[in-house]
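Asks: My questions all concern the structure below.
The values are calculated or read from the model by the stated rules, or taken from the named source; none is laboratory data. Quantities reported herein were computed from a predicted structural model and do not represent experimental measurements. Glycine gets a Cβ as well: all are built from the backbone with ideal geometry, and neighbour counts include every protein chain shown. Heavy atoms of the whole protein, side chains included, go into the accessibility calculation; ligands, DNA and RNA do not. Shrake-Rupley method; radii C 1.70, N 1.55, O 1.52, S 1.80 Å.
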Amino acid sequence: MDHEHFFAEKIAELKGEGRYRVFAELERIAGRFPRAKSHRNGSVDEITVWCSNDYLGMGQHPELLSAMHEVIDKHGCGAGGTRNISGTNHYHVLLERELAELHGTDTALLFGSGWVANMTTLSTLGAMLPDCVIFSDANNHNSMIEGMRNCRAEKRIFRHNDPRHLDELLDGTDASRSRLVAFESVYSMDGDIAPIGEICDVAERHGAMTFLDEVHAVGLYGPTGAGVAERDGQAHRLTVIQGTLAKAFGVVGGYIAGSAAMCDVIRSYGSGFIFSSAPPPAIAAAALASVRYLRCHDEIRAHHQERAATVKKRLAEAAIPMLPSESHIVPVLVGEPRRCREASDVLLAEHGIYVQPINYPTVPRGTERLRLTPTPLHSDSDIDHLVESLCSVWKRLALRPAA
């Protein structure tokens, strides 16, 4: 077999469909978010980022930078390997305690990323629980799906955000089997929010455990930033809460929070935890500073919601088509992969705006979009420029306006 020819053909298929991913080469500028430098065609230009998952700009916050510098100077760069081999760094312990306090749980467990946290926890639970069936929301993230696949437990999919369908599926399952309901709070591509209380009602009626992915909500929702479950008063009803440190908290890493026994099982049996190198102490220290800061600054969350609402209002007035969104995520509908890529390219090259196209398989075919994520650091003039630029691109490319 000509392997190189095979690889070239597979890439050609993506390019032919307009789905080939091109990464923008950017330099974030400390202290100036959402500004960045764009390296493109041999030139370097300053641009405005409109699609970062650093939702609050905490990756640039002076308290995080100071915490990271201090720990690097004291303890160096790396953690030295896995926690089993190299020991648990003091900052890992402090961060896990802070995360447990944030979510009101017995304990928390730190991972190198949210993807690894999801995959490891779901695969471990699905493999260990006797005769387990996992009930998965139809729109769950790839990391959750991979965890379910890896454990080879039976999986049943309920319609997105549909507690009644979940109830029907649970009704049709032997009550003697272990059952786990896995879903998200904020779905990152459409920006909709799960009915957490209703799903917990259904799970409790059937004696099922619950696993909630809050990666696009921690730091952003609830009085202390513990997520939508805190905002809705439902956090105490969940078996596992999973979150990330790479989005609103502005650093990197993932975690789970829950009972001491459950977390100890994942710590002791989860291969993604056991065999992965621990996050560097400086990363843990910066994340700790971020969690502590955001727990005490609800006004940042309020300003974030205002910015998102303002962007939605302005785009609606300009007849730029958006998918309905209950959250801070603003999906602007294009509906065709090549046009989506072209719109992104024109925005960057001619308007100094970076927003990455979102195409299949991340979203269904025909729903290709530009996913905007306003932050508290986007000014009124930034929003003016965004709306004017999108209007210009829509006219130039003859894209469909809002109905």
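Asks: Going by the structure shown, is V252 part of a loop (DSSP other than H, G, I, E, B), modelled with pLDDT of 95 or more and open to solvent by 10 Å² or more (accessible area, probe 1.4 Å)?
Replies: Yes; evaluated as a whole, the condition is true for this residue.
Asks: Filter the stretch 317-352 down to residues that are open to solvent by less than 20 Å² (accessible area, probe 1.4 Å) and among the hydroxyl-bearing types (S, T, Y) and give me whichever is nearest to S188 (Cα to Cα).
Replies: By that ranking, first place goes to S327.
Asks: Please go through the stretch 87-110 and pick out each residue that is more than 24 Å from Q234 (Cα to Cα) and either in contact (Cβ under 8 Å) with a residue 24 or more places away in the chain or surrounded by 18 or more Cβ atoms within 10 Å (Cβ to Cβ) (or both).
Replies: Listed by number, the residues that qualify are T88, N89, H90, Y91, H92, L94.
Asks: Now a separate question. Among (1) in contact with a Gly (Cβ under 6 Å, 6 or more places away or on another chain); (2) polar (S, T, N, Q); (3) surrounded by 14 or more Cβ atoms within 10 Å (Cβ to Cβ), where does T82 come up short?
Replies: (1)
Asks: Let me ask something else. Find the residue count for the stretch 294-311, including only residues that are among the small types (G, A, S) and either open to solvent by 10 Å² or more (accessible area, probe 1.4 Å) or touching a Leu at 6+ places or on another chain (Cβ under 6 Å) (or both).
Replies: Residues in the stretch 294-311 being among the small types (G, A, S) and either open to solvent by 10 Å² or more (accessible area, probe 1.4 Å) or touching a Leu at 6+ places or on another chain (Cβ under 6 Å) (or both): 2 in total.
Asks: Any residue in the stretch 171-178 that is closer than 27 Å to G366 by Cβ, surrounded by fewer than 20 Cβ atoms within 10 Å (Cβ to Cβ), in contact (Cβ under 8 Å) with a residue 12 or more places away in the chain and touching a Gly at 6+ places or on another chain (Cβ under 9 Å)?
Replies: no
Asks: Can you give me the number of residues within the stretch 47-76 that are more than 26 Å from the chain's Cα centre (by Cα) and either in a loop (DSSP other than H, G, I, E, B) or under 30 Å from S389 (Cα atoms) (or both)?
Replies: Number of matching residues: 1.
Asks: If you don't mind, another one. Just need a number here: residues in the stretch 113-168 that are aromatic (F, W, Y) and either touching an Asp or Glu at 6+ places or on another chain (Cβ under 7 Å) or free of Cβ contacts under 8 Å to residues at least 40 places away in the same chain (or both).
Replies: 1
Asks: Condition first: among the hydrophobic types (A, V, I, L, M, F, W, C), touching a Ser or Thr at 6+ places or on another chain (Cβ under 9 Å) and more than 15 Å from F211 (Cα to Cα). Can you find one or more residues in the stretch 132-149 that meet it?
Replies: Among the residues of the stretch 132-149, not one is among the hydrophobic types (A, V, I, L, M, F, W, C), touching a Ser or Thr at 6+ places or on another chain (Cβ under 9 Å) and more than 15 Å from F211 (Cα to Cα), which makes the answer no.
Asks: If V291 meets every condition in (1) out of contact with any Pro (no Cβ under 7 Å at 6 or more places or on another chain); (2) in a loop (DSSP other than H, G, I, E, B); (3) crowded, with 17+ Cβ neighbours inside 10 Å apart from one, which number is that one?
Replies: (2)
Asks: Follow-up question, since we're still on this one. Of everything in the stretch 353-369, what is part of a loop (DSSP other than H, G, I, E, B), open to solvent by 20 Å² or more (accessible area, probe 1.4 Å) and not polar (S, T, N, Q)? Give them in sequence order.
Replies: Within the stretch 353-369, Y360, P361, P364, R365, G366 meet the criteria.
Asks: Follow-up question, since we're still on this one. Any chance you could count how many residues in the stretch 106-139 are of a type in the set (D, E), closer than 19 Å to R156 by Cα and part of a loop (DSSP other than H, G, I, E, B)?
Replies: 1
Asks: Of all residues in the stretch 232-249, which are touching a strand residue (DSSP E or B) at 6+ places or on another chain (Cβ under 8 Å), surrounded by 24 or more Cβ atoms within 10 Å (Cβ to Cβ) and under 15 Å from L294 (Cα atoms)?
Replies: Those that are touching a strand residue (DSSP E or B) at 6+ places or on another chain (Cβ under 8 Å), surrounded by 24 or more Cβ atoms within 10 Å (Cβ to Cβ) and under 15 Å from L294 (Cα atoms): G243, T244, L245.
Asks: Restricted to the stretch 262-288, and to residues that are surrounded by fewer than 17 Cβ atoms within 10 Å (Cβ to Cβ), of a type in the set (G, A, S) and touching a residue at least 40 places away in the same chain (Cβ under 8 Å), which residue is nearest to R97 (Cα to Cα)?
Replies: S277
Asks: Answer yes or no as to whether G225 is under 11 Å from the mean Cα position of the chain (by Cα) and buried (at least 24 other Cβ atoms within 10 Å of the Cβ).
Replies: In short, no.
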